[in-house]
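Please read the structure below before turning to the comments.
The values are calculated or read from the model by the stated rules, or taken from the named source; none is laboratory data. Note that this is a predicted model, so its numbers are computed, not measured. All Cβ positions, glycine included, derive from the backbone under ideal geometry; neighbour counts span all protein chains shown. Side chains included, ligands, DNA and RNA excluded: accessible areas come from the protein's heavy atoms. Shrake-Rupley method; radii C 1.70, N 1.55, O 1.52, S 1.80 Å.
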Amino acid sequence: MSFGSPNNPYEKPQNPQNPQQQPQQPGYGYPQQQPPQQPGYGYPQQAPQGVPQQQGYPQQPGYGYPQAPQVPASAYGYPQQPGYGAQPPYANWGQRFLGTLVDGLVFAVPYILVIVGANARTAALSLIGGLAILGLAIYQLIIEGKNGQTLGKKALGIRLVREIDGQPLGVGMAFVRRLAHFLDSLACYLGWLWPAWDAKRQTFADKICSSIVIRTN
């Protein structure tokens with residue numbers, strides 16, 4: 001077995017323990033194969049052939065990009081108004097009282113007809129007055145249930161609405177509320193005076209029906 005010539009300094013000795021030859025390195029001047037380069041940071045990587053590419057997560061806008069403003073939710077279904085924030089503009093006791101007074105004056109003329117007809121023993125005049133009172137009462141109930149305003153409330157710029165969403169009560173619930181006013185007349189009409197110091201300016205009937213009276217102007 002030859003271990004190479006000792007006089008040849010460029011000849012590499014063979015490993016006697018490993019009979020296989022070591023892989024020779026390419027000589028000087030021959031092109032060498034470079035390992036495949038990895039794509040740089042930020043560039044999309046190619047998937048192996050036959051493997052579908054996975055979609056990445058959508059990129060979030062960086063700092064400095066304008067974002068859509070968030071709309072704050074307001075309570076009670078009302079848009080926020082200057083000076084009130086999310087609290088609805090409750091009508092005070094004086095406005096409610098004047099609105100009820102105007103509604104009472106609307107019925108004054110039919111009441112006079114009924115009284116005059118009764119004193120003069122004129123059934124026709126009393127009948128006309130009675131029908132006028134009934135018609136006005138139904139009309140006031142309908143417009144209050146649908147629009148939240150009787151003639152008196154409209155004159156004072158106030159409206160009756162549901163507390164939860166600010167929408168009109170509806171004719172049926174408006175009728176129930178009028179029946180519930182019976183409780184306001186108990187104990188020396190305490191329920192009618194309750195809005196003067198109540199936080200939500202509600203009568204007892206309002207609390208039962210979950211209704212509030214607000215300003216519209």
### Query
Expressed in nm to one decimal, what extension gain is obtained for the pair K146 and K200 from 0.36 nm per residue of sequence separation less their Cα-Cα distance?
17.2 nm
### Message
Could you work out how much longer the chain between Y139 and H181 gets when fully extended? Use 0.36 nm per residue separation minus the Cα distance between them, nm to one decimal.
### Response
13.3 nm
### Query
At N217 and L98, where each label point lies 7 Å from the Cα along Cα→Cβ, what is the point-to-point distance in nanometres?
1.0
### Task
Report, ordered by chain and residue number, the aspartates and glutamates lying within cross-link reach of K207, taken as a straight Cα distance under 19 Å and ignoring same-chain residues fewer than 8 apart.
E144, E163, D165, D184, D198
### Message
In whole percent, and with a 1.4 Å probe on the protein chains, what portion of the accessible area of region 115-217 is carbon and sulfur?
### Response
69
### Task
Multiply the residue gap between L131 and Q167 by 0.36 nm, knock off their C-alpha separation, and tell me the result in nm, one decimal place.
9.9 nm
### Task
Estimate the FRET efficiency between Q87 and V109 by the formula 1/(1 + (r/R0)^6), using the beta-carbon distance for r and 30 Å for R0, to the nearest 0.05.
0.15
